[in-house]
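Report on the structure given below.
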Amino acid sequence: MTAQKIDGKEIAAQLRGRIGKAVAGLQAAHGKTPGLAVVLVGEDAASEVYVRNKGIATKAAGMTSYEFRLPADTPEDALLDKVRALNAEPDVNGILVQFPVPAQISQQRVIDTIDPSKDVDGLNPANAGRLVSGLQALTPCTPLGSVILAKETLGELSGKHAVIIGRSNLVGKPVAQLLLNENCTVTMAHSRTADLPAMCRQADILVAAVGIAELVKGDWVKPGACVIDVGINRIDAPEKGLDDKGRGKTRLVGDVDFAAVSEIAAHITPVPGGVGPMTIACLLKNTLTAFCRQNGFEEPEV
Ligand code: NAP
């Protein structure tokens with residue numbers, strides 16, 4: 001079998017297009033536009049790229065993008081004061097503090113300070129608890145994007161056995177909860193799971209969110225499974241030679257051995273171009289949702 005590649009780039013582009021249309025409709029009806037504030041502390045190169053891309057996508061969807069760059073030595077209190085000011089700002093419907101933050105700042109205190117109604121990253125314990133309780137919540141973007149990819153690919157997920165490798169608050173736990181909400185039978189695996197390959201072989205839907213390059217091998221996968229690879233790992237690529245500074249080139253791979261698993265699975269997300277593009281699209285989706293709920297507007301179906 002050669003698996004069908006799940007085109008996250010295309011599915012994300014379509015989702016962003018539908019969000020853009022919904023934003024235009026709300027603007028026409030109410031004269032208001034959703035606003036997303038992104039706060040970056042320090043000068044981490046990867047974070048700079050993420051923040052820039054988020055700003056571009058926000059504006060492309062017709063939303064207002066607010067970017068705040070604070071120096072790397074910003075004290076925790078100053079960042080928390082900035083978050084509180086954004087909580088109180090009516091034109092800001094979503095707040096995202098780009099992680100990681102410098103060591104003097106507690107990531108958890110930042111998460112705890114964001115108003116849950118503006119918590120478009122879905123990490124505030126109020127949103128995590130509401131998700132588990134089956135209540136209306138803002139849901140973390142990468143898990144939401146992963147589950148949308150599975151639904152776009154398979155349609156109905158009810159009754160399928162989903163195995164999720166990884167139990168982080170950011171990815172594994174919310175993916176498990178979202179798949180449970182879709183009536184999957186859910187197994188969560190992690191670093192202490194006994195016989196992980198045998199566990200994975202039971203999965204109709206296998207989600208890998210570990211952070212170990214190409215951990216999941218071909219013989220870990222049930223024939224015909226749908227494999228969602230959340231991992232992003234940079235590895236050496238000697239076959240690509242040297243860059244213009246004489247350093248060895250690198251490439252991105254997921255947590256799944258793509259070539260081997262493609263021979264067994266029916267559907268698989270590539271890295272890059274699978275889950276990654278869905279994350280920003282779902283950030284926009286959450287901002288739209290937050291905007292509608294804060295204003296009492298009916299939420300458009302996107
Ligand atoms: P994390 O917080 O480091 O969690 C990793 C999880 O993997 C933990 O639950 C850990 O188990 C488990 N694990 C570690 N080694 C394992 C092993 N040998 N066998 C089975 N399980 C193992 O990572 P994360 O934030 O969830 O991110 C996971 C991956 O997703 C990373 O590659 C990250 O870069 C990527 N990611 C991608 C996006 C995107 O936009 N595509 C967004 C976020 C994250 P324990 O709990 O037992 O330690």
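Taken together, the values in this text are just the output of simple stated rules run on the coordinates, not laboratory data. Nothing here was measured: the structure is a model prediction, and the numbers come from that model. As a convention, Cβ positions derive from the backbone with ideal geometry for all residues, glycine included, and neighbour counts pool all protein chains shown.
Annotations for the structure displayed:
- Rounded to the nearest 20, the Cβ-based charge dipole of the stretch 21-165 about its Cα centre (Lys and Arg +1, Asp and Glu -1) stands at 560 debye.
- Amide H contacts of T250: A237, each under 5 Å away and 5 or more positions distant or on a separate chain (H built 1.01 Å from N in the peptide plane; Pro and chain starts excluded).
- Size of charge dipole - the stretch 1-68 - debye, nearest 20, with Cβ of Lys, Arg +1 and Asp, Glu -1, no other charges: 400 debye
- Karplus (6.51, -1.76, 1.60) ³J(HN,Hα), θ = phi - 60°, over the stretch 139-154, in Hz, Gly and Pro reported as x: 10, x, 5, 5, x, 4, x, 5, 6, 4, 4, 4, 5, 4, 7, 9
- Taking 4.7 Å between C-beta atoms as the pairing limit, the chain has these partnerless cysteines: C184, C200, C226, C292.
- Alpha carbon centroid spacing (whole Å) that separates the stretch 238-277 from the stretch 81-101: 34 Å
- Beta bridges per DSSP with both ends in the chain, % antiparallel, nearest 5: 15 percent
- For Q4, distant residues with modelled amide H under 5 Å away: H267, I268
- Couplings 3J(HN,Hα) of the stretch 244-258, computed from phi: 6, 9, x, 8, x, 6, 10, 8, 8, 9, x, 8, 10, 6, 4 Hz, in residue order, whole Hz [Karplus 6.51 cos²θ - 1.76 cosθ + 1.60, θ = phi - 60°; x for Gly and Pro].
- Computed on the Cα trace of the chain, the radius of gyration divided by the Kirkwood hydrodynamic radius gives Rg/Rh = 0.98.
- Entries of K151/K173; K59/K118; K9/K240 with Cα pairs more than 21 Å apart: K9/K240
- Of the residues N181, Q14, L80, the one whose Cα sits farthest towards the positive end of the charge dipole of the chain is Q14 (charges of +1 on Lys and Arg Cβ, -1 on Asp and Glu Cβ, taken about the Cα centre).
- Relative protection proxy for 59-68, 276-285, 153-162, from highest mean packing down: 276-285, 59-68, 153-162 (other beta-carbon atoms within 10 angstrom).
- Value at 222 nm in deg cm²/dmol, rounded to 500, when DSSP H runs of n ≥ 4 in the chain each add -39,500 (n - 2.57): -12500 deg cm²/dmol
- Highest-first packing order for the peptide set 223-230, 42-49, 80-87, 261-268 is 223-230, 261-268, 80-87, 42-49, based on the mean count of other beta carbon atoms within 10 Å.
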